[in-house]
Every structure is written in C-alpha cells, then in structure tokens.
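**Student:** Once you've had a glance at the structure underneath, I'll fire off some questions.
The values are calculated or read from the model by the stated rules, or taken from the named source; none is laboratory data. Since the model is a prediction, treat every value here as computed from it, not as a measurement. All Cβ positions, even for glycine, are placed from backbone atoms using ideal geometry, and neighbour counts span all protein chains on display. Ligands, DNA and RNA are stripped out before the accessible areas are found, and what is left, the full protein with its side chains, is counted by its heavy atoms. Shrake-Rupley method; radii C 1.70, N 1.55, O 1.52, S 1.80 Å.
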Amino acid sequence: MSYQRERSVTGKSVLETENLLADQAGYARASTILHDGGLVAFPTETVYGLGGDARNDMSVARIFEAKGRPRFNPLIVHVDSVETAQLYVEWSDTADRLASIFWPGPLTLVLPLKPNTGLSALVTADLPTLAVRVPEHPVANALLAEFGGPVAAPSANPSGKISPTKASHVARGLSGRIDAILDGGDCGVGLESTIVGLAGQPTLLRPGGLPTEAIEAALGTTLDVFKSGDPLTAPGQMTSHYAPGAPVRLNATDLRDNEMLLGFGPVEATMNLSPSGDLVEAASNLFHHLHMMDSLGAEVIAISPIPDHGLGRAINDRLLRAAAPRP
Ligand code: TXA
Ligand code: MG
C-alpha cells in the first residue's frame, strides 16, 4: 500500500503502537504522549480521531505524515468547553446559539482565528479561520481534561480510506505509524461531525453526524451550501475518499453476478445498514459495514438507495466519495 511505500522511502523506523485502556492510567499515558509531541488515536462520538498537540508544529506535521495525507488540509481542534474555544476564535451570537444547543456533540464550527493563539499554523493551513468542536464521548472528554490543551485530530485512517469507528479499524490502518490507540469501544454516531462555517453567512461545509435540519431549525434560517465539493454532485466530480478495496455501485435495486449487496431497508443482502430503514442506525453502521464487506472479499460492493434527508444526506455524501474514481 502507498503509505507503506512512503514509510520505506523515508526510511523511518516503525513505531511500536501502544494499546491503552480507557482508564486513569490510559488517560495519563495518552496525555504524556501528547505533551511529548506524540500521536494518540482516541474515540469520539463520531469516529476515532488521530490526536496531536495543536500547539506543536512537529506533532501536527506528524499527523499528516502518519495518515499519508498528500497536502496540508486544515484540521479540527478539539477542546473541552466553549470557554476554551473562545481562546482561539472570535466568538459570535450565532456561534453561541449553536454551541449552547449542540455542544458537546457532532458539530464543528469554523470561525475567525484570533491572533497570537499559540496554535501551530499547520493546523489552519495558514487560513484566517479555525475549525473547533467540543466532542461528546466520555473517553475524549477525559483525555481532553487530562491533557489540558487543544488537540488537533483528523479521522484516524490512512488518507482516502474508510474512517474508523472501532479501535481495531485504527490498528488495521495506522499500527506502526502512531504512538498509541486509546480504546473506548465503538463510536455511536459513526459519521464525522457536521461542519458549519460562521466566518460569513452560516454555510454548510460538510454534512455529518448532526442533521442539517436541526441546525437550520436552531438558526431559524436555511444554511448556504458550500459549492465546490457539494455532496449532491455526481461521483465523477468527487474526490475519492472513504474507499473500500472493492469498487462501489450506488443506488442498487438489483444484484449483479460479481456483487455483494450492502442493503438498507427490507432487502436480502450480505450485510444491512438498517433492515428497518432507520437512518441513525445506518449512520452508525456505515463505516463498520464497509470495513466488513471489504474483508469478506466482495468483487463489487453494491449499495441500496439511501433517502437523502436527515443523516441520509451525510451517508450519501460519504457513499458518493467511496464510489468516486480512484486516483
Ligand atoms: O467528527 C469529526 O469531525 C472527526 C473527529 C475526529 O472529530 N474529525 C474529522 O477530521 O473528520 P477530518 O480532518 O477528517 O476532517 C476535517 C475537515 C476537512 O475536510 C477540512 O478541510 C475541514 O474540516 N476544515 C478544517 N479546518 C477548516 C477551516 N478553517 N475552514 C474550512 N474547512 C476546514
Ligand atoms: Mg477524514
């Protein structure tokens, strides 16, 4: 795989990745590793994140290296509270309304970056804005409390691959490339956070684990939608991401010879995201089922149509990327 090739090109020794339990000793060890500039994968309610100290350039650079992320794409900074977020970004009434309702939770806010925050410029890719969120997972919250600082964390998967919702997914993708994995069981939501830009007009930058409808109801207005990277465009225009080993065929209402079906609703399928057609259940199963279908050796993964409302919108966004042409 490309990240192994890259590893041998750089000639770096392979790390021994520590498996940490979600207990006081585990939090203390994880916090020490972060303070020393190391990388720790940890569970959030959305997916596992690959955490590094957001104030340390070396740590942040190592996040990109470990994922094999080809370019410096800005990262989300995870904090323990609204008060901590306010140290880093220019707060606003709109931010306050959304944070008071949805934090802690699967919502990331992009706000103007304050000057002289001490954050690594790599975190924001030198943008004048910063993405921040307060996660809602007891293990993430305990780690943030123990560490006492801002944690930059993209999803803990090799670049372009399926996001991890279990510690074993992280180990499969990043073992030997990161310092530790803090095992906190399965992630409940199963999709990355919804990202809303608040530097100008409130804008949906990425559909995710908090349905857009809930945000619009809280704001009493519709969100603008970020155009390039629009989730509802054709797979041919999307960047490949969340890609299982096998090719993916979407909106499958029949099954062809070389295919295994990942179903939704009452259909006969190899695996089913939600036999009862529940979008919340489907979201929480999505990445795990894609990992499983891959390990079952499907030649082609066919996927049932998913309704495009509520969490279905974020599920379809991820599926379009999984089906996009591979580089
Ligand atoms: O649920 C999540 O959000 C997970 C967990 C670990 O918190 N994290 C996550 O991170 O999905 P990542 O790096 O896979 O996705 C972060 C997204 C990227 O698409 C990035 O371009 C966008 O956030 N982003 C970060 N900072 C931004 C900024 N200042 N302006 C616009 N987009 C930004
Ligand atoms: Mg990601």
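**Student:** Using Cα positions and a limit of under 18 Å, work out the aspartates and glutamates in reach of K67, with same-chain residues fewer than 8 apart set aside.
**Tutor:** Within the straight-line cut-off, K67 pairs with E6, E16, E18, D53, D57, D179, E192.
**Student:** I would also like to ask the following. Taking the Cα centre of the chain as the origin, how large is its charge dipole in debye, to the nearest 20, when only Lys and Arg (+1) and Asp and Glu (-1) carry charge on their Cβ atoms?
**Tutor:** Dipole size: approximately 980 debye.
**Student:** Then there is this: Report, for the chain, the % of DSSP beta bridges that are antiparallel, rounded to 5.
**Tutor:** 45
**Student:** With every protein chain present, what is the per residue accessible area of the range 248-290 (1.4 Å probe, Å²)?
**Tutor:** In whole numbers, the range 248-290 has 50 Å² accessible per residue.
**Student:** If you take the charge dipole of the range 55-163 about its Cα centre, with +1 on Lys and Arg Cβ and -1 on Asp and Glu Cβ, which of S155, V79, L111 is farthest toward its positive end?
**Tutor:** In the range 55-163, that residue is S155.
**Student:** Right, another one. With a cut-off of 8 Å between alpha carbons and a minimum separation of six or more residues, what is the relative contact order of the chain in percent?
**Tutor:** 20
**Student:** If amide hydrogens are placed 1.01 Å from N in the peptide plane, which non-local residues have theirs closer than 5 Å to the one on G310?
**Tutor:** Amide H neighbours of G310, under 5 Å, 5+ apart: E213.
**Student:** Hey, another quick one. Roughly speaking, to the nearest percent, how much of the chain's 1.4 Å accessible area is carbon and sulfur?
**Tutor:** Within the chain, the accessible surface is 53 percent carbon and sulfur.
**Student:** For the chain, what does the helix formula give at 222 nm: sum of -39500 (n - 2.57) over DSSP H segments with n ≥ 4, over the residue count, nearest 500 deg cm²/dmol?
**Tutor:** Roughly -9500 deg cm²/dmol at 222 nm, from the helical runs in the chain.
**Student:** About the Cα centre of the range 31-93, how large is the charge dipole given +1 on each Lys and Arg Cβ and -1 on each Asp and Glu Cβ? Please answer in debye to the nearest 20.
**Tutor:** 440
**Student:** Taking +1 at the Cβ of each Lys and Arg and -1 at the Cβ of each Asp and Glu, which of A246, L20, L320 sits farthest along the dipole of the chain towards its positive end, judged by Cα position relative to the Cα centre?
**Tutor:** A246
**Student:** Also, I was wondering about something else. What number comes out for the charge environment of D183, summing +1 per Lys or Arg and -1 per Asp or Glu over other residues with Cβ under 11 Å away?
**Tutor:** My count for the surroundings of D183 gives -2.
**Student:** Additional query: Assuming a ≥ b ≥ c are the square roots of the Cα gyration tensor eigenvalues, decide whether the range 62-167 counts as rounded (a/c under 1.5), prolate (otherwise, with a/b larger than b/c) or oblate.
**Tutor:** oblate
**Student:** Given 4 °C and 1.567 mPa s, compute D for the range 168-327 with the Stokes-Einstein relation, Rh being the Kirkwood radius over Cα pairs; round to the nearest whole µm²/s.
**Tutor:** For the chosen part, D equals 77 µm²/s.
**Student:** At 1.4 Å probe size, with every protein chain present, just tell me what the per residue accessible area of the range 119-162 comes to in Å².
**Tutor:** 30
**Student:** For the chain, compute Rg over Rh where Rg is the Cα radius of gyration and Rh is the Kirkwood radius from the inverse mean 1/r over Cα pairs.
**Tutor:** Here Rg/Rh amounts to 0.95.
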